[in-house]
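Undergrad: Next up is a structure, given as structure tokens.
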Amino acid sequence: MQGEFNLDSNRYLADLLFDKDIKDFEYYEEKYPHRGLKEGVKVTRLAPSPTGYLHLGVLYSALINRMAAGKDGIFYLRIEDTDKKREVEGGLEDIVNGLISFGIVPDEGFMPDGEKGPYAPYRQRLRREIYHSAAKKLVLEGLAYPCFCTEEELEQIRGEQESQKIRPGYYGKYARCRSLSIDEIKEKLSSGAPYVLRLKSPGNEENKVTFTDAIKGKIEMPENDADIVLLKSDGIPTYHFAHAVDDHLMRTTHVIRGDEWISSTPIHLQLFRLLGFKPPKYAHIAPIMKSEGGSKRKLSKRRDPEAAVKYFSEQGFEPRAVLEYLLTIASSGFEDWRRANKDADIFDFDLKLNKMSQSGALFDMDKLLDVSKNYISRMSTEDVLSSLLSWAEKYDEALYNRLSGDKAYAAAIFSIDRDIPKPRKDIAKWNEAAQFISYFYDDTFVPQYELPENISASDAVEILERYAENPHLDGDKTQWFDSVKQLCSSLGYAENTKEYKSEPDKYKGHIGDVSAVIRTAVTGRKNSPDLFEIMRILGRDRTSSRLNRAAEYFKK
Ligand code: GLU
């Protein structure tokens, strides 16, 4: 008996290959029923392999899957841990905790405190019997067979195809074990020869399969005719097989994954069909790219520090700001939506898969910094302080001690130019904070005095000494400003730039120059937030001593 097995021989083969107590696949169909969700509600998933640390691309994909499911749908986390050799210690926890710390919380799946949800187990390593049940179903239907080819034999097939310039693969006449008789199989099995289980592909390379990708649109590719491996020699499924079984039984409606999987989609569609499953909708995400020497390449785990999500945490980026940035590259509609909905939660954005970028978007650090500045400028003082403190506790002990030593003082600093319609945009990430606020603390106040071009050192001394007589910090900002104007006119500076511009020869300079001198004395910098607020926070004594210190400096 060659090739075509009949029903009895299929059963005979299935009994040879699988444990007697493997359940029928119907058992799992009933155990994991349809979700009964309303029409159009999506079930999405992230299916990472714990073979490294949380990668920006995985975070990106998680975000898109979470957003695509929306608030009504289900987004779950499945762990594809079938490749023990490539597994990294702690990789699993890093992924799960990383996602949660970014606010991407799955509705079900593998969680830090264990499995959650009715479709468990969500770790592929715990789903062995399920894959075997599905594999047995295929063997029973004559759609799968054991292959005993050794590495050497496969190498020989490859060599033969290569030398004849023929498409590589285990298909057609190259699929040697496809035609083993049941007796031959039995004999090999009893000799203990290792084997894999292969699909008996009914496909034909000449035929086309077409599918509509939810992001990329209509795609046409040749049908799969390769007898791909379903179960490896240790009985562990391949990605292809596990994908079909899991996404069917977990009732995924949309498989949204990296576009490196497009080329495998004909295999996947074929598997769904042969297994009698309704295929999910596919959406293939374009990768995040990096520009290098004028060309584009994929962000690389090995070469780019920003490829690891850890990098953003260490630098002190606000997780939400990173997500916000990722959405700007995921969907062109996001920025318009954001302009129209300034205070809305990003998760309220209706991410449409068909509006997503079809080709790889460039990772743009400047843009991320800009988005982050905007984001932080809109945070309340309280939120700034609590985020900064939790970052500093982990990454900058000195800053943590300084801030937590007097939280009210720290809050006053961060409240400057905040909680107003046009808040000041300055800090993009928390590792910039220490430098940014250094002049508020005497031990980190290292002035870099700098004067406007038209102001001499002796002019500066005069301004500082006169201002120090009464810095006017007890009233409100208008009173203070009036006092500076008076100072201007008494010292021969114009009270505003317009006046100065109309008669420049009449003045030594204008109010901007006078404030610049006070600013450099008080903060040691050329630019700062609201000067009056800064002096109020520093207090009269410290303000005066800084004015004097600078005056002494300019006298030399
Ligand atoms: N484990 C696969 C990966 O990490 C999953 C791809 C998918 O989402 O189906 O690339």
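The values are calculated or read from the model by the stated rules, or taken from the named source; none is laboratory data. For clarity, every value in this text was computed on a predicted model and none was experimentally measured. Cβ: placed from backbone, ideal geometry, glycine included. Neighbour counts: every protein chain shown. Accessible surface areas use protein heavy atoms only, side chains included; no ligands, DNA or RNA. Shrake-Rupley method; radii C 1.70, N 1.55, O 1.52, S 1.80 Å.
Undergrad: Regarding Arg78, is this residue in contact with a strand residue (DSSP E or B) (Cβ under 8 Å, 6 or more places away or on another chain), open to solvent by less than 90 Å² (accessible area, probe 1.4 Å) and closer than 19 Å to Arg125 by Cα? Please lay out each step first, then the result.
TA: Details: in contact with a strand residue (DSSP E or B) (Cβ under 8 Å, 6 or more places away or on another chain): yes; open to solvent by less than 90 Å² (accessible area, probe 1.4 Å): yes; closer than 19 Å to Arg125 by Cα: yes.
Spelling it out, Arg78 is indeed in contact with a strand residue (DSSP E or B) (Cβ under 8 Å, 6 or more places away or on another chain), open to solvent by less than 90 Å² (accessible area, probe 1.4 Å) and closer than 19 Å to Arg125 by Cα.
Undergrad: Continuing with the same structure: Among the residues of the stretch 317-334 satisfying the criterion of being assigned to a helix (DSSP H, G or I) and open to solvent by 10 Å² or more (accessible area, probe 1.4 Å), which is nearest to Leu99 (Cα to Cα)?
TA: By that ranking, first place goes to Pro319.
Undergrad: For Lys20, state whether it is farther than 24 Å from Met356 by Cβ and more than 12 Å from the ligand (Cβ to nearest atom). Can you show your working first?
TA: On the way: farther than 24 Å from Met356 by Cβ: yes; more than 12 Å from the ligand (Cβ to nearest atom): yes.
Judged against the criteria, Lys20 is a match.
Undergrad: Starting from the stretch 247-267, take each residue that is more than 14 Å from Ile74 (Cβ to Cβ) and list its partners that are within 8 Å of the ligand (Cβ to nearest atom) and assigned to a helix (DSSP H, G or I), counting only C-beta distances under 7 angstrom and pairs at least six apart or across chains.
TA: Final answer for the pair search is Arg257/Ser61; Gly258/Ser61.
Undergrad: Among the strands (runs of 3 or more DSSP E) confined wholly to the stretch 188-250, which include 2 or more residues that are open to solvent by 30 Å² or more (accessible area, probe 1.4 Å)?
TA: It comes to 208-213, 217-222.
Undergrad: Can you give me the number of residues within the stretch 264-296 that are within 14 Å of the ligand (Cβ to nearest atom), under 21 Å from the mean Cα position of the chain (by Cα) and either charged (D, E, K, R) or open to solvent by 30 Å² or more (accessible area, probe 1.4 Å) (or both)?
TA: 1
Undergrad: Another question, if that's okay. Kindly check whether there is at least one residue in the stretch 509-529 that is assigned to a helix (DSSP H, G or I), open to solvent by 50 Å² or more (accessible area, probe 1.4 Å), in contact (Cβ under 8 Å) with a residue 24 or more places away in the chain and over 14 Å from Ala460 (Cα atoms).
TA: No; the residues of the stretch 509-529 include none that is assigned to a helix (DSSP H, G or I), open to solvent by 50 Å² or more (accessible area, probe 1.4 Å), in contact (Cβ under 8 Å) with a residue 24 or more places away in the chain and over 14 Å from Ala460 (Cα atoms).
Undergrad: For the structure I just gave you, tell me whether Ser490 is touching a residue at least 12 places away in the same chain (Cβ under 8 Å), under 15 Å from Leu451 (Cα atoms) and open to solvent by 20 Å² or more (accessible area, probe 1.4 Å).
TA: Values: touching a residue at least 12 places away in the same chain (Cβ under 8 Å): yes; under 15 Å from Leu451 (Cα atoms): no; open to solvent by 20 Å² or more (accessible area, probe 1.4 Å): yes.
Against the criterion (touching a residue at least 12 places away in the same chain (Cβ under 8 Å), under 15 Å from Leu451 (Cα atoms) and open to solvent by 20 Å² or more (accessible area, probe 1.4 Å)), Ser490 does not qualify.
Undergrad: OK, next. Can you pull out every residue in the stretch 59-82 that is outside any strand (DSSP E or B), in contact (Cβ under 8 Å) with a residue 60 or more places away in the chain and either hydroxyl-bearing (Ser, Thr, Tyr) or within 12 Å of the ligand (Cβ to nearest atom) (or both)?
TA: Tyr60, Ser61, Ile64, Asn65, Arg78, Glu80, Thr82
Undergrad: Follow-up question, since we're still on this one. Going by the conditions given, is Tyr53 surrounded by 17 or more Cβ atoms within 10 Å (Cβ to Cβ), in a loop (DSSP other than H, G, I, E, B) and more than 12 Å from the ligand (Cβ to nearest atom)? Full working, then the answer.
TA: Values: surrounded by 17 or more Cβ atoms within 10 Å (Cβ to Cβ): yes; in a loop (DSSP other than H, G, I, E, B): yes; more than 12 Å from the ligand (Cβ to nearest atom): yes.
Yes: the conditions hold for Tyr53.
Undergrad: Can you give me the number of residues within the stretch 438-468 that are among the charged types (D, E, K, R), more than 30 Å from Glu314 (Cα to Cα) and part of a helix (DSSP H, G or I)? Working first, answer last.
TA: The initial filter retains those residues of the stretch 438-468 that are among the charged types (D, E, K, R), namely 442-443, 450, 453, 459, 462, 465-466.
Cutting the leftovers down to more than 30 Å from Glu314 (Cα to Cα) gives us 450, 453, 459, 462, 465-466.
Then drop every residue that is not part of a helix (DSSP H, G or I), which leaves 459, 462, 465-466.
Number satisfying all stated conditions: 4.
Undergrad: Then there's this: Take the residues in the stretch 218-251 that are within 16 Å of the ligand (Cβ to nearest atom) and of a type in the set (Asp, Glu), then tell me which one is farthest from Ala68 (Cα to Cα).
TA: Filtering the stretch 218-251 for residues that are within 16 Å of the ligand (Cβ to nearest atom) and of a type in the set (Asp, Glu), the one farthest from Ala68 (Cα to Cα) comes out as Asp246.
Undergrad: Can I ask one more? Does at least one position in the stretch 297-308 carry a residue that is within 16 Å of the ligand (Cβ to nearest atom), part of a loop (DSSP other than H, G, I, E, B), polar (S, T, N, Q) and crowded, with 17+ Cβ neighbours inside 10 Å?
TA: No, every residue in the stretch 297-308 fails to be within 16 Å of the ligand (Cβ to nearest atom), part of a loop (DSSP other than H, G, I, E, B), polar (S, T, N, Q) and crowded, with 17+ Cβ neighbours inside 10 Å.
Undergrad: Among (1) under 27 Å from Glu89 (Cα atoms); (2) open to solvent by 10 Å² or more (accessible area, probe 1.4 Å); (3) in contact with a Ser or Thr (Cβ under 7 Å, 6 or more places away or on another chain), which single condition is Lys42 missing?
TA: Tallying (1) under 27 Å from Glu89 (Cα atoms); (2) open to solvent by 10 Å² or more (accessible area, probe 1.4 Å); (3) in contact with a Ser or Thr (Cβ under 7 Å, 6 or more places away or on another chain), Lys42 fails exactly one: (1).
Undergrad: In the stretch 86-107, which residues are farther than 14 Å from Arg45 by Cβ, open to solvent by 50 Å² or more (accessible area, probe 1.4 Å) and not in a helix (DSSP H, G or I)?
TA: The answer is Glu87, Glu89.
Undergrad: Specify which of the listed residues (Lys20, Lys71, Lys85, Lys42) is touching an Asp or Glu at 6+ places or on another chain (Cβ under 9 Å) and at pLDDT below 95. Spell out the reasoning first.
TA: Working: Lys20 fails: touching an Asp or Glu at 6+ places or on another chain (Cβ under 9 Å); Lys85 fails: touching an Asp or Glu at 6+ places or on another chain (Cβ under 9 Å); Lys42 fails: at pLDDT below 95.
After applying the criteria, what remains is Lys71.
Undergrad: Give the residue, chosen from Glu39, Glu26, Glu93, Glu87, that is within 16 Å of the ligand (Cβ to nearest atom) and farther than 21 Å from Glu324 by Cβ. Explain how you work it out, then say what you get.
TA: Values: Glu39 fails: within 16 Å of the ligand (Cβ to nearest atom); Glu26 fails: within 16 Å of the ligand (Cβ to nearest atom); Glu93 fails: within 16 Å of the ligand (Cβ to nearest atom).
Checking each option against the conditions leaves just Glu87.
Undergrad: What residue, among those in the stretch 252-263 that are polar (S, T, N, Q) and crowded, with 17+ Cβ neighbours inside 10 Å, is farthest from the ligand (Cβ to nearest atom)?
TA: Taking the stretch 252-263 first, the residues polar (S, T, N, Q) are 252-253, 263.
Restricting the remaining residues to those that are crowded, with 17+ Cβ neighbours inside 10 Å gives 252-253.
Numbers: Thr252: 9, Thr253: 14 Å.
So, considering only residues that are polar (S, T, N, Q) and crowded, with 17+ Cβ neighbours inside 10 Å, the one farthest from the ligand (Cβ to nearest atom) is Thr253.
Undergrad: Residue by residue through the stretch 403-424, note down the ones that are modelled with pLDDT of 95 or more, over 13 Å from Val384 (Cβ atoms) and open to solvent by 60 Å² or more (accessible area, probe 1.4 Å).
TA: Across the stretch 403-424, the qualifying residues are Gly405, Asp406, Ala408.
Undergrad: Based on this model, can you work out whether Asp213 counts as in contact with a strand residue (DSSP E or B) (Cβ under 6 Å, 6 or more places away or on another chain), within 15 Å of the ligand (Cβ to nearest atom), farther than 13 Å from Ala144 by Cα and touching a residue at least 60 places away in the same chain (Cβ under 8 Å)? Please lay out each step first, then the result.
TA: Details: in contact with a strand residue (DSSP E or B) (Cβ under 6 Å, 6 or more places away or on another chain): yes; within 15 Å of the ligand (Cβ to nearest atom): yes; farther than 13 Å from Ala144 by Cα: yes; touching a residue at least 60 places away in the same chain (Cβ under 8 Å): yes.
So Asp213 fits the description; yes.
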